[in-house]
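> Starting off with a structure, shown below.
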Amino acid sequence: MLGIMVAIDRFKPEMVVDLSDEPVIGYAERFFYASHVLTKGIPYIGADFWFYPPAFQDVLEKPSLGVIGTGKRVGKTALAGFICRRLDEEGFRPGVIAMGRGGPQAPEVIAGDKIELSPEYLLRLAREGKHAASDYLEDALTSRITAIGCRRCGGGLAGQPFVSNVAAGARLANELDMDFVVLEGSGSALPPVSADAYVLTVGADQPIDYVAGYFGTYRVLLSDLVILSMCEPPLADRDKIERIDRAVRKIKPETKIVHTIFRPKPLHPIANKRVFLTTTSPASMKGKIIGHLEKMYGAKVVGVSNNLSNRKVLRREIESAKGNFTTLLTELKAAAVDVVTSIGLDLGLEVIYLDNLPVTIGGDGELEELVNWVGDRARTNFMRRKKVDKR
């Protein structure tokens, strides 16, 4: 692999052509080679395949940090929100650009520090035909900073969206009152705008090939910090967590890694309330989540639905518990507004949104300090890049 990368740096080819086959280079090795080649911004082609590198537009005029993932439901938005809050506390003055399949047709700005994203406000958006639980709204709600909502459709193996309006969102960010930009990906799709550093979110419950195989390797190679989420049984045991950690370090030894778990945090008090919880978390985590909410926040959880993404089942589960709860507690995802919030307000009940806080349990340091480190790295890379551009 080293020889190929040295040759690319020396000869500056327009593409790499693979004329090998089994048993010289196997399937896994080809993805490994392709992942490295794509980091150089050139295609990797063979007899019946052609892998293009994702195209990153150089649009932003401010330091930026990409928050990307190896798939859906790995906690990327919760971690992006945490990163935004931390950077804000440390004086970075960040804003966030979030793209999603349900994002707006044209980039939309939400001033999270000025607008109250109440259940009534969000339900009004939903009834206007908007996706009122889109990631940018969750970011604005939990981080209280300016968020720009963007749209994407599709995603290639290496993360290129089929279409998106993120570049337009980045141009908008250049004009807004923020000094630093967090670019949040969607699922395994990457924001198609150049970032100065990257944080990769990996679910410890995912197959290890999502990291060490296919184009998971490419995403690791891009990244400065890797956050392993959901690092606890029954989602992942210690052996699985350690195998993913070793795989990441083998691919890119200099990358920093932190192991985390999530714990829910209601955004308003729930003490002494009879709560029905709706969430996208796996059903296997139900006991831990209930125990945490009751012990830490003093609520009585009388029902849980893990079907926030299944509107039909979700509605049935809430309605079957009607009369037993006084408060609907929900993540701001999927059907949180058009179903959960709508039912709650129609019944005259309280609707409270929650955040999912990452808690460090291992790795190369505390998540807070590693966020500071990667934020500083992004600013340094930005200044270095601008000096080169001026020559």
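The values are calculated or read from the model by the stated rules, or taken from the named source; none is laboratory data. Note that the structure is predicted; figures quoted are calculated from it, not measured. Methodologically, a virtual Cβ is constructed for each residue, glycine included, from the backbone with ideal geometry; neighbour enumeration extends over all protein chains shown.
> Being touching a strand residue (DSSP E or B) at 6+ places or on another chain (Cβ under 8 Å) and aliphatic (A, V, I, L, M) is the filter; apply it to the stretch 208-233 and report the residue that is nearest to Val37 (Cα to Cα).
Here the answer is Leu222.
> I'm told Asp376 meets every condition in (1) in contact (Cβ under 8 Å) with a residue 40 or more places away in the chain; (2) on the phi < 0 side of the Ramachandran plot except one. Can you identify the failing condition by its number?
Exception for Asp376: condition (1).
Results for (1) within 22 Å of Asn324 (Cα to Cα); (2) β-branched (Val, Ile, Thr); (3) in contact with a helix residue (DSSP H, G or I) (Cβ under 6 Å, 6 or more places away or on another chain); (4) touching a residue at least 40 places away in the same chain (Cβ under 8 Å), shown as yes or no for each residue.
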{"site": "Ser229", "(1), (2), (3), (4)": "no, no, no, yes"}
{"site": "Pro234", "(1), (2), (3), (4)": "no, no, yes, yes"}
{"site": "Arg238", "(1), (2), (3), (4)": "no, no, no, no"}
{"site": "Ile241", "(1), (2), (3), (4)": "no, yes, no, yes"}
{"site": "Arg246", "(1), (2), (3), (4)": "no, no, no, no"}
{"site": "Phe262", "(1), (2), (3), (4)": "no, no, no, yes"}
{"site": "Ile270", "(1), (2), (3), (4)": "yes, yes, yes, yes"}
{"site": "Phe276", "(1), (2), (3), (4)": "yes, no, no, yes"}
{"site": "Thr280", "(1), (2), (3), (4)": "yes, yes, no, yes"}
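> Right, here's the next one. Out of the residues in the stretch 15-30 that are modelled with pLDDT under 95 and within 32 Å of the chain's Cα centre (by Cα), state the one that is surrounded by the fewest Cβ atoms within 10 Å (Cβ to Cβ).
Tyr27
> Do you know which residues across the stretch 263-285 are within 15 Å of Val351 (Cα to Cα) and either part of a strand (DSSP E or B) or modelled with pLDDT under 95 (or both)?
Lys265, Pro266, Arg274, Val275, Phe276, Leu277, Thr278
> (1) touching a strand residue (DSSP E or B) at 6+ places or on another chain (Cβ under 6 Å); (2) free of Cβ contacts under 8 Å to residues at least 60 places away in the same chain: which one isn't true of Ile97, the others all being true?
Every listed condition holds for Ile97 apart from (2).
> Quickly run through the stretch 118-144 and pick out the residues that are surrounded by 20 or more Cβ atoms within 10 Å (Cβ to Cβ), over 17 Å from the mean Cα position of the chain (by Cα) and either assigned to a loop (DSSP other than H, G, I, E, B) or free of Cβ contacts under 8 Å to residues at least 60 places away in the same chain (or both).
Lys130, His131, Ala132, listed by residue number.
> Return a yes/no flag: does the stretch 12-25 have any residue that is touching a Lys or Arg at 6+ places or on another chain (Cβ under 7 Å) and in the same structural domain as Asp196 (by TED's automatic domain parsing).
Taking the stretch 12-25 and keeping what is touching a Lys or Arg at 6+ places or on another chain (Cβ under 7 Å), we get 18.
Then keep just the ones that are in the same structural domain as Asp196 (by TED's automatic domain parsing); that gives none.
The answer is no; no qualifying residue exists.
> Output the number of residues of the stretch 167-215 satisfying the condition of being among the polar types (S, T, N, Q) and buried (at least 24 other Cβ atoms within 10 Å of the Cβ). Lay out the reasoning, then the answer.
Within the stretch 167-215, the subset among the polar types (S, T, N, Q) is 174, 186, 188, 194, 201, 206.
Of the ones still in play, those that are also buried (at least 24 other Cβ atoms within 10 Å of the Cβ) are 186, 201.
The number of residues fulfilling the criteria is 2.
> Could you tell me how many of the residues in the stretch 300-342 are assigned to a strand (DSSP E or B) and small (Gly, Ala, Ser)?
Of the residues in the stretch 300-342, 2 are assigned to a strand (DSSP E or B) and small (Gly, Ala, Ser).
> Kindly evaluate Val6 against the criterion of being more than 30 Å from Ser134 (Cα to Cα), free of Cβ contacts under 8 Å to residues at least 24 places away in the same chain and assigned to a helix (DSSP H, G or I).
Against the criterion (more than 30 Å from Ser134 (Cα to Cα), free of Cβ contacts under 8 Å to residues at least 24 places away in the same chain and assigned to a helix (DSSP H, G or I)), Val6 qualifies.
> Next up: From Phe92, Phe56, which residue is touching a helix residue (DSSP H, G or I) at 6+ places or on another chain (Cβ under 7 Å) and in contact (Cβ under 8 Å) with a residue 40 or more places away in the chain?
The conditions single out Phe92.
> Which of (1) in contact with a Pro (Cβ under 9 Å, 6 or more places away or on another chain); (2) in the same structural domain as Arg171 (by TED's automatic domain parsing) does Gly81 not meet, given it meets every other one?
(1)
> Quick one: which of Leu157, Leu200 is closer than 30 Å to Asp239 by Cα, assigned to a loop (DSSP other than H, G, I, E, B) and of a type outside the set (Ser, Thr, Tyr)? I'd like the intermediate steps shown before the answer.
On the way: Leu200 fails: assigned to a loop (DSSP other than H, G, I, E, B).
That would be Leu157, the only listed residue that is closer than 30 Å to Asp239 by Cα, assigned to a loop (DSSP other than H, G, I, E, B) and of a type outside the set (Ser, Thr, Tyr).
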